[in-house]
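Each remark here refers to the structure printed beneath this line.
The values are calculated or read from the model by the stated rules, or taken from the named source; none is laboratory data. Not measured: the values here are computed from a predicted model.
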Amino acid sequence: MVEELIQSKMTRKEFCQQKGIAINCFYYWQKKYRQQTESDQPGFIPVRTGKGSVSRQGFAQPIVLSYPNGISLQLPAGTPLSVIGSLLRLA
C-alpha cells in the first residue's frame, strides 16, 4: 500500500479514506515498510586486518578506504580496527 500511495499522488488522508483504513494504521505499516527497505540496503562489511591480507608476492596488502566524495585513504596492513573505525565515522 505504501508503494500504491506513492503512485496515486494522493495525500495520505485521501488514500486512507479511499481504502477505508485508519491513518494511524497506515503510518504504522509505512514505518515497518521503511525499516524493511532500509535493512535491505547494503551497509558496512566486516574488515579483517593483519593475517590473511597477503598478496601473491608475499607482501601485506594495504587497506583502502574510499569515501563518497572521491577521497581515498590508503592505510598500511595491520592498521588497528579502532583507527579504521574512527576514519569511517568521518565519512
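Residue 54 falls short of the stated requirement of being β-branched (Val, Ile, Thr) and at pLDDT 60 or above. Checked against (1) at pLDDT below 80; (2) assigned to a loop (DSSP other than H, G, I, E, B); (3) among the β-branched types (Val, Ile, Thr), residue 37 passes all but condition (2).
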